[in-house]
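The values are calculated or read from the model by the stated rules, or taken from the named source; none is laboratory data. If you're wondering where the values come from, they're calculated on a predicted model, not measured in any experiment. Positions of Cβ are generated from backbone atoms using ideal geometry, with glycine treated the same way; all protein chains shown enter the neighbour counts. Surface areas here come from the heavy atoms of the whole protein model, side chains and all, with no ligands, DNA or RNA. Shrake-Rupley method; radii C 1.70, N 1.55, O 1.52, S 1.80 Å.
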Amino acid sequence: MNLILLGAPGAGKGTQAKRLQDTLCIIQLSTGDMLRAEVASGSELGRKAEKLIQAGRLVPDELMIDMIAKRIDRDDCKKGFILDGFPRTVPQASALDRLLAEKKLKIDHVLVLDSDDEALVERITGRFTCVQCGAGYHERFQRPKVDGICDKCGGTKFSRRADDNAETVRARLKTYHEVTTPIIDHYRTKGVVSVVDGMASIDEVTRQLKEVVGK
Ligand code: AMP
């Protein structure tokens with residue numbers, strides 16, 4: 001099964017993609033995570049992407065399409081994948097259609113997490129991640145059970161994303177509404193779109209998503 005998780009920054013795509021990955025045994029492909037790894041490695045792509053990410057702007061389509069084309073070709077995508085953060089523009093969606101058609105694959109569901117912008121700014125600016133295992137937390141809504149210690153792996157180092165500040169978040173939200181939401185109509189014509197309430201509790205959103213994908 002091939003899925004796209006779509007939603008504004010902070011709507012919960014990453015959290016839900018990880019949960020669906022565990023339930024469906026298909027891999028999460030987060031283009032944001034891939035780009036952050038490129039930035040950390042100091043690669044040419046990373047150097048190109050770094051300033052754009054920090055300004056809350058999108059990385060050019062051709063770079064993203066090339067990156068995802070190579071990634072989907074790897075063996076761990078054979079059983080299916082969950083795209084998290086891609087496509088983000090209509091040209092990316094069209095390129096993905098062509099890419100999948102060549103491989104005789106298709107997108108089974110586009111899962112849209114509906115959300116409220118003001119709540120998202122609060123969600124994003126409070127979030128942090130365990131450096132060791134990547135588990136996500138929030139200063140108000142989802143603190144570790146013991147302060148300073150990761151529930152999942154016992155790690156004690158946490159980090160925040162450089163682009164999770166209020167100014168960049170507003171730019172990212174603007175981009176989402178202007179450039180990304182038109183792709184919902186692109187997929188509506190294919191009859192694969194389902195919208196769930198991304199402001200519900202994490203468990204409730206997971207329940208609704210599983211219902212849509214038949215699990
Ligand atoms: P995310 O982790 O999905 O919020 O992505 C973080 C940042 O990476 C975005 O704000 C963009 O600058 C960049 N990025 C991630 N995915 C894409 C994409 N599909 N197209 C363009 N830029 C992207």
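Numbers below:
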{"item": "Some residue of segment 71-84 being in contact with a Pro (Cβ under 9 Å, 6 or more places away or on another chain), closer than 29 Å to ASP116 by Cα, modelled with pLDDT of 95 or more and near the ligand (Cβ under 8 Å from one of its atoms)", "result": "no"}
{"item": "Enumeration of residues in segment 45-54 that are open to solvent by 50 Å² or more (accessible area, probe 1.4 Å), over 19 Å from GLY14 (Cα atoms) and within 13 Å of the ligand (Cβ to nearest atom)", "result": "LYS48, GLU50, LYS51"}
{"item": "Inter-residue pairs, beta-carbon under 9 Å, first closer than 19 Å to ILE202 by Cβ and small (Gly, Ala, Ser) and in segment 98-126, second open to solvent by less than 30 Å² (accessible area, probe 1.4 Å) and not in a strand (DSSP E or B), 6+ apart", "result": "SER115/ALA8; SER115/GLY10; SER115/ALA11; SER115/GLY12; SER115/GLY198; ALA119/GLY10; GLY126/ASP164"}
{"item": "Which listed residue, of ASP147, ASP151, is surrounded by fewer than 12 Cβ atoms within 10 Å (Cβ to Cβ) and of a type outside the set (S, T, N, Q)", "result": "ASP147"}
{"item": "Only listed residue being away from the ligand (no atom under 11 Å from the Cβ), farther than 22 Å from LYS79 by Cα and buried (at least 20 other Cβ atoms within 10 Å of the Cβ), chosen from GLY42, GLY12", "result": "GLY12"}
{"item": "Test: residue in segment 175-195 that is more than 17 Å from LEU5 (Cβ to Cβ), open to solvent by 90 Å² or more (accessible area, probe 1.4 Å), outside any helix (DSSP H, G or I) and within 14 Å of the ligand (Cβ to nearest atom)", "result": "no"}
{"item": "Tally of residues being farther than 12 Å from LEU3 by Cβ and within 15 Å of the ligand (Cβ to nearest atom) across segment 98-112", "result": "1"}
{"item": "Residues satisfying the stated conditions in segment 128-160, i.e. touching a strand residue (DSSP E or B) at 6+ places or on another chain (Cβ under 8 Å) and of a type in the set (D, E, K, R)", "result": "GLU139, ARG143, LYS152, LYS157, ARG160"}
{"item": "Condition met for THR168 (open to solvent by less than 80 Å² (accessible area, probe 1.4 Å), hydroxyl-bearing (Ser, Thr, Tyr) and more than 17 Å from GLY14 (Cβ to Cβ))", "result": "no"}
{"item": "Looking only at segment 76-102, and only at residues there that are part of a loop (DSSP other than H, G, I, E, B) and in contact with a helix residue (DSSP H, G or I) (Cβ under 8 Å, 6 or more places away or on another chain), the one that is surrounded by the fewest Cβ atoms within 10 Å (Cβ to Cβ)", "result": "GLY80"}
{"item": "Cross-chain or 6+ apart pairs with Cβ under 9 Å, segment 38-64 first and without any contact (Cβ under 8 Å) to a residue 12 or more places away in the chain, then near the ligand (Cβ under 8 Å from one of its atoms) and open to solvent by 40 Å² or more (accessible area, probe 1.4 Å)", "result": "GLY46/ARG36; LYS51/ARG57; LEU52/LEU58; LEU52/PRO60"}
{"item": "Check on ASP147, modelled with pLDDT of 95 or more and of a type in the set (Asp, Glu)", "result": "yes"}
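Here's the yes/no breakdown for (1) of a type in the set (Lys, Arg); (2) closer than 24 Å to LYS152 by Cβ:
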residue	(1), (2)
GLN21	no, yes
ARG36	yes, yes
LYS48	yes, no
ILE68	no, no
